[in-house]
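Notes follow the structure.
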Amino acid sequence: MDSSAPERSAPSADASPSLWKHLARFWRDRPGEAKVLLGMSAAFLLIFFLPLGQPRFENAVLEGLRLTQWYAREHVILCLLPAFVIAGAMAVYISQGAVMKHLGPASPKPIAFGVASVAGTLLAVCSCTVLPLFGGIYKRGAGLGAAIAFLYSGPAINVMAIVVTAKVLGAELGIARAVGAILFALVIGAIMHLLYRHEEAARAAKGARGFTADDSGHPLGDIVALFSLMIGILVFANWARAETPAWMLVYAWKWPITAALAILLAALLVRRWRWSLQPLLVVAGLVAASALLRPEWPELAMVIGIGGLMLQASRENAAGQEWVGQSWDFTKQIMPLLLGGVMVAGLLLGRPGHEGLIPSQWVVWAVGDNSFASILLASLLGAFMYFSTLTEVPIVEGLLGAGMGKGPALAILLAGPALSLPNMLVIRTVLGTQKTLVYCTLVVVMATLSGYLYGQLM
């Protein structure tokens, strides 16, 4: 053997990197393709290992689809479409100066939080319907604390929810929910403001440049009338049943009231916005025909009305075209996330009275007393589960009948209406991941502490 032959040196780390270093380099150098590869791999593995043939899984998939279908039928047309239209109008017709003055980062906090909380309280909407309105005021310049107060108060504090809670679950829980929800809106808004005060100050300074005190081009009275009528249509079209004579009287007349408000809205647009009368008369005729011929399908009349309104807005002037564009931006940003979130929520938790992947007996067992752990689990359950307007009350009533403690019941009432999985997904697109996590954590923590205190006292 020739000893003079050169010795082969071991390959260096640079010449032959390890597998993990190679993958890290690929992720760093080609992040787009790496994410596509990761997504495709995850989708393949999910499909490959689907536990098809197992009754619980297949039933959970059906429950997820049923919940999504119910949401599409009951809430998308009557709740979300009007909310998208209102949010689009906010971006066009509400002056940025007015928003900054009353709700902006630099506005007096008692005024800002008070206005936001009161505005949210007047809305009888669910955690998803409030999202376009929240996104509208936040993007228009509202401070983080005020926007958060509005976001929480809309589904959690509305007068209808408090009255129905007291009627069905008892005055004690009704009063506790009212007091807790009002304090939550103010405290959570204040904490979010303090945590991000420096960022909000920079945002206020940036937003304070480039706009006048009133850039809407319309008198304040006309703006107030426009939004009052549209919010009235949203509220009365979604007026829910309740075991109270006064509420049921309004429920019996909800569609005539909604129609009257729509007529007043059209008159306002013609007289004060100078819209053409004839196209609106055509839309009104089509809506009336739909309501008379198919009274069991109020959604059809709503679609015709909103579609006609947006079509005419796009033909009137530049502001109308911007109104349509802003509404469409909110729709395409929010709708896919909401439907996907509702599907996942139904898959995991099912519908009221129907199980998903998580057995209902687990839920009852987990929240069956007033311990801190039970109340924390109830807060988390309420945060991820989707509740439409007022449905949290009969659900909590059923859980109380199954043995749930009063502390977990209050925790669900405080966390559930304000949060849901689809709600979280959309908030993240507006605020970012960090602020969304902080907001959700604050709601869960405060609901847990409130429920624990209430459970110990009661």
- Message: Tell me yes or no: at least one residue of segment 384-404 is surrounded by 24 or more Cβ atoms within 10 Å (Cβ to Cβ), touching a Ser or Thr at 6+ places or on another chain (Cβ under 8 Å) and modelled with pLDDT of 85 or more.
- Response: no
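Just to be sure before I move on: is Leu67 modelled with pLDDT of 85 or more and assigned to a helix (DSSP H, G or I) in the structure I sent?
Working: modelled with pLDDT of 85 or more: no; assigned to a helix (DSSP H, G or I): yes.
No; evaluated as a whole, the condition is false for this residue.
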- Message: Which of the numbered conditions does Ile412 fail, given that it passes all the others? Conditions: (1) at pLDDT 75 or above; (2) over 19 Å from the mean Cα position of the chain (by Cα).
- Response: (2)
- Item | Answer from Leu65, Leu37, Leu50 - the residue that is more than 25 Å from Gly350 (Cβ to Cβ), surrounded by 10 or more Cβ atoms within 10 Å (Cβ to Cβ) and hydrophobic (A, V, I, L, M, F, W, C) | Leu37
- Among what's in segment 270-283 and is hydrophobic (A, V, I, L, M, F, W, C), in contact (Cβ under 8 Å) with a residue 24 or more places away in the chain and in a helix (DSSP H, G or I), pick the residue that is nearest to Ala237 (Cα to Cα). Val283
- Being of a type in the set (D, E, K, R), surrounded by fewer than 21 Cβ atoms within 10 Å (Cβ to Cβ), at pLDDT below 85 and at negative phi narrows it down to one of Glu58, Glu74, so name that one. Glu74
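If you scan segment 325-351, which residues turn out to be under 14 Å from Met424 (Cβ atoms) and among the hydrophobic types (A, V, I, L, M, F, W, C)? Talk me through it step by step, then tell me what you get.
Kept after step one, since they are under 14 Å from Met424 (Cβ atoms), are these residues of segment 325-351: 334, 337-338, 340-342, 344-345, 348.
Of everything in segment 325-351, those that are under 14 Å from Met424 (Cβ atoms) and among the hydrophobic types (A, V, I, L, M, F, W, C) turn out to be Ile334, Leu337, Leu338, Val342, Val344, Ala345, Leu348.
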- State which residue pairs qualify: first residue closer than 16 Å to Leu23 by Cβ and inside segment 33-49, second residue among the charged types (D, E, K, R) in any location, beta carbons under 9 Å apart, and separation of 6 or more residues or different chains. Ala34/Arg28
- Message: One residue is enough: does segment 214-231 have a residue meeting the conditions of a type in the set (Ser, Thr, Tyr), modelled with pLDDT of 85 or more, part of a helix (DSSP H, G or I) and within 20 Å of Val85 (Cα to Cα)?
- Response: yes
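Of all residues in segment 177-192 being closer than 17 Å to Glu392 by Cα and out of contact with any Pro (no Cβ under 9 Å at 6 or more places or on another chain), which is surrounded by the fewest Cβ atoms within 10 Å (Cβ to Cβ)? Walk me through it before giving the result.
Taking segment 177-192 and keeping what is closer than 17 Å to Glu392 by Cα, we get 177-178, 180-181.
Still in the list and also out of contact with any Pro (no Cβ under 9 Å at 6 or more places or on another chain): 177-178, 180.
Details: Arg177: 27, Ala178: 18, Gly180: 23.
Among residues in segment 177-192 that are closer than 17 Å to Glu392 by Cα and out of contact with any Pro (no Cβ under 9 Å at 6 or more places or on another chain), the one surrounded by the fewest Cβ atoms within 10 Å (Cβ to Cβ) is Ala178.
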- Restricting segment 162-185 to residues that are closer than 18 Å to Pro408 by Cα, in a helix (DSSP H, G or I) and of a type in the set (Gly, Ala, Ser), the one modelled with the lowest pLDDT turns out to be Ala166
- Task: Look at Tyr452 and say whether it is under 21 Å from Leu337 (Cα atoms) and either surrounded by 24 or more Cβ atoms within 10 Å (Cβ to Cβ) or of a type in the set (Phe, Trp, Tyr) (or both).
- Result: no
- Message: Exactly one of these conditions fails for Ala240: (1) out of contact with any Ser or Thr (no Cβ under 8 Å at 6 or more places or on another chain); (2) in a loop (DSSP other than H, G, I, E, B). Give me its number.
- Response: (1)
- Task: Output the qualifying pairs, or none if there are none: Cβ atoms under 9 angstrom, residues six or more apart or on different chains, first residue in segment 444-458 and over 18 Å from Met385 (Cα atoms), second residue polar (S, T, N, Q).
- Result: Tyr452/Asn370; Tyr452/Ser371; Tyr454/Asn370; Gly455/Asn370; Gly455/Ser371; Gly455/Ser374; Gln456/Asn370; Met458/Asn370
- Task: May I ask you to list pairs of residues, at least six apart or on different chains, whose Cβ atoms are under 8 Å apart, with the first in segment 292-313 being surrounded by 13 or more Cβ atoms within 10 Å (Cβ to Cβ) and the second being among the basic types (Lys, Arg)?
- Result: Glu299/Arg73; Leu300/Arg294; Ala301/Arg294
- Note on the structure: Given the conditions (1) touching a residue at least 60 places away in the same chain (Cβ under 8 Å); (2) part of a loop (DSSP other than H, G, I, E, B), every one holds for Leu410 apart from (2)
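Return yes when Ser314 is among the hydroxyl-bearing types (Ser, Thr, Tyr) and in contact with a Pro (Cβ under 9 Å, 6 or more places away or on another chain) and no when it is not.
no
The values are calculated or read from the model by the stated rules, or taken from the named source; none is laboratory data. Keep in mind that this is a model prediction, so the values were computed, not measured. With ideal geometry, Cβ positions are generated from the backbone for all residues, glycine too; neighbour counts draw on all protein chains shown.
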